[in-house]
Amino acid sequence: MTKISGPLDIVVMGASGDLARRKIFPALFSLFCQGYLPDQLRFFGFARSKLTDDEFRGRITEHLTCRYAPGESCADLMSDFLSRCRYMAGNYGSSEDMLDLYQLMQAEKRCEANILFYFAIPPSVFLDVSRALGDAGMIRCTQEEPWTRAVIEKPFGQDRESSDNLTCELGKVFTEDAIYRIDHYLGKEVIQNLMVLRFANLVFEPIWNRHYIERVWIDWREDLGLEGRAGYFDSYGVIRDVMQNHLLQILALIAMDKPQQASAQHVRDEKVKVLRRISPVTLDHAVLGQYGAATWRDKDRVGYRQEPDVSPSSCTPTFCAARLEIDNDRWRGVPFIVRAGKAMNAKENEVRIQFRSMESNLFSSGRRTLPPNELVVRIQPNEGIYLGLNNKEPGHDLTLEKRDLDLRYASAYPGMIPDAYECLLLDVMEGDKSLFIRSDELEAAWDIFTPLLHKIDEDKLEPDLYPFGSYGPVIDKILLD
Ligand code: BG6
């Protein structure tokens, strides 16, 4: 374990919001309990809500857990952690308010600290906050200590043009080196393992191409509706919320060529290369859906258009399945089916690599062909890796059945699986950008979905209705070759 060096101030913009309370402060507390954070450490929350320091601490405490510090030590660690937390209410676009924050940070005399700004704020105020911080003179343009770094949450823009604009405007305040565009899926253990699975094992790379792979599925389902997020979700929809970022990042890690080195630069170079070989999705290659009212798990669920703050004529997709094709020698002709849906029948995220069927086989003569092999990478829940093989059932007859070689994380690694945010926050402090999105990756990812998004918005395309708690609309049209 390496402890982060130097004094550190962590400033969370949007500190009273859900993301800060549920994810960021708990992850910081976990790192604190594990001894990763420096001794000279302070946290500052900034948001519009008027709260005292104690009220703020009370709100954070609700989501802190003792999983890394069981027993009595947890109470001591928690009170130490909370005593380092201060809060200030203000307006996001006000440089005067940022100056007040700066004064609060300067109040205790000590040597200059590194400053990590976490933007846990709605995308509509990213620029206001960064300009106000810039005007207040709080940003240092150096990579040397003491540094300032900014972690920006997705979505980065609404389409290619607005994303370029955001990059350009943020660039007036922060250098690209200081910007950490976070996609928390890249911090998930199984996703971090994708490169190891592919490039630290001899067995997969020779068959990781169109000659052996028939189709790849990247599936993401959630069994929740809006949960009070209409204000954000209705103007973004599931493509911008999940597909353009989380799912394309998974796809890039599955499909990219082997980087020369495992460095941030080489890995991201390869991701960009493969993303640029994907043609923009057309409507013919997409199915759009929106959930409707249903009774599910013994409860009446409202449909999307009846959710509070959603217009009764909203066409925002809550489901999308798209067929992506990669125009390079490795993948030409292999469909990547990327599917995401809210309010479905389960919370589940997995990648399925379906291998081709064997053309002739000792054991399939006179019978149907054998089931093809399949590699499943289960991202969540129940993290695991499964390889479906044909196997002889024990007995005097020759009966074949499909069975899984399975690597379940819960039994293989009974210890704790770190939360994605813990890992990513630590990387920011260490200055490691491997798991963050570079601006050219972002551009390539927007290029894939921007034409479809414009068509949806301009033509107000009516999505297919699917019942809350179901498997979503039929997607056969994008599966046909
Ligand atoms: C966020 C999306 O990025 O990821 C949410 O904005 C989604 O809509 C969430 O619910 C899912 O994250 P996780 O880690 O629970 O899979």
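FYI, it's all coordinate maths here, none of it is from the lab. Since this is a predicted model, take the numbers as computed values, not measurements. A quick note on method: Cβ atoms are made from the backbone with ideal geometry, for glycine too, and the neighbour counts reach across all protein chains shown.
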Q.
Relative contact order for region 135-282: what percent, with Cα pairs under 8 Å and sequence separation of 6 or more?
A. 20
Q | Distance from region 368-404 to region 443-462 (C-alpha centre basis), Å | A | 38
Q: Give Lys23/Lys172; Lys172/Lys342; Lys271/Lys299; Lys3/Lys271 a once-over and call out the pairs whose C-alpha atoms are over 32 Å from each other.
A: Lys172/Lys342; Lys271/Lys299
Q. So between Asp327 and Thr65, what do we pick up on full extension, going 0.36 nm a residue minus the alpha carbon distance?
A. 89.7 nm
Q.
Relative contact order for region 8-153: what percent, with Cα pairs under 8 Å and sequence separation of 6 or more?
A. 31
Q: Rounded to the nearest 0.05, what FRET efficiency do Ser279 and Asp18 give with R0 = 41 Å and r taken as the Cβ-Cβ distance? Could you check?
A: 0.65
**Q.** Mean residue ellipticity (222 nm) of the chain, computed from DSSP H runs ≥ 4 via -39,500 (n - 2.57), nearest 500
**A.** -8500 deg cm²/dmol
Q.
Please list, in order along region 406-423, the HN-Hα scalar couplings obtained from phi with the Karplus expression 6.51 cos²θ - 1.76 cosθ + 1.60 (θ = phi - 60°), rounded to whole Hz, x for Gly and Pro.
A. 10, 10, 8, 4, 4, 8, 6, 10, x, x, 7, 9, x, 6, 4, 5, 4, 5
Q. Hey, what does the equivalent ellipsoid look like for region 121-227, semi-axes from the Cα gyration tensor as sqrt of 5 times each eigenvalue, largest first, whole Å?
A. 36, 20, 14
Q. Of the trypsin sites (Lys or Arg not before Pro) in region 299-372, which ones lie in a loop per DSSP and count no more than 12 other C-beta atoms within 10 Å?
A. Arg332, Lys347, Arg367, Arg368
Q: Take the alpha carbon gyration tensor of region 146-283, find the square roots of its eigenvalues, order them as a ≥ b ≥ c, and report rounded if a/c is under 1.5; if not, report prolate when a/b exceeds b/c, else oblate.
A: oblate
Q.
Based on Cα coordinates alone, diagonalise the gyration tensor for region 8-153, multiply each eigenvalue by 5, take square roots, and list the semi-axes in whole Å, largest first.
A. 25, 17, 14
Q) Each label point is 7 Å from the Cα along the Cα-to-Cβ direction; what then is the distance between the points at Glu108 and Asp481, in nm? A) 6.6
Q: Return the long-range amide H neighbours of Asn373 (sequence gap of 5 or more, or a different chain), with a cut-off of under 5 Å between placed amide H atoms.
A: Phe355
Q | Along each principal axis, Cα extent of the chain, largest first, Å | A | 83, 51, 48
Q. Lysines near Lys455 by alpha-carbon distance under 19 Å, same-chain residues fewer than 8 away left out - which ones?
A. Lys477
Q | For region 251-347: rounded, prolate or oblate by the Cα gyration tensor [a/c cutoff 1.5] | A | prolate
**Q.** Label-to-label distance, nm, for residues given as Asn201 and Lys402 (7 Å Cα→Cβ offset)
**A.** 1.8
(Q) Order 88-95, 67-74, 10-17 from most to least packed using the mean count of other Cβ atoms within 10 Å. (A) 10-17, 88-95, 67-74
Q) For region 438-481, rounded, prolate or oblate, judged on the Cα gyration tensor with a ≥ b ≥ c (square roots of eigenvalues), a/c < 1.5 rounded, else prolate if a/b > b/c? A) prolate
Q: In whole Hz, with x marking every Gly and Pro, tabulate ³J(HN,Hα) for region 321-332 from phi via Karplus 6.51 cos²θ - 1.76 cosθ + 1.60, θ = phi - 60°.
A: 10, 9, 9, 10, 10, 10, 8, 8, 5, 5, 10, 3
Q: Averaging sequence separations of C-alpha pairs under 8 Å and six or more residues apart, then dividing by the length of the chain, give the relative contact order as a whole percent.
A: 17
Q | For region 291-302, Karplus couplings with θ = phi - 60° (6.51, -1.76, 1.60), whole Hz, Gly/Pro x | A | 7, x, 5, 6, 9, 9, 6, 6, 10, 7, 10, 7
**Q.** Expected-Rg normalisation [2.2 N^0.38 Å, Cα atoms] applied to region 275-418
**A.** 1.43
Q. What are the residues whose amide H is under 5 Å from the amide H of Arg301, where those residues sit 5 or more places off or on another chain and H is modelled from the backbone?
A. Ala294, Thr295, Trp296
Q: Could you list, by residue number, the cysteines of the chain that have no other cysteine's beta carbon within less than 4.7 Å of their beta carbon?
A: Cys33, Cys85, Cys111, Cys141, Cys168, Cys315, Cys320, Cys423
**Q.** Fully extended contour minus Cα-Cα distance, from Tyr471 to Cys141, at 0.36 nm per residue
**A.** 113.9 nm
**Q.** Approximate spin-label separation Asp128-Gln40, in nm, with each point projected 7 Å along Cα-to-Cβ
**A.** 3.4
Q: Please find the FRET efficiency linking Asn390 to Leu224, where r is the Cβ-Cβ separation and R0 is fixed at 56 Å, and quote it to the nearest 0.05.
A: 0.90
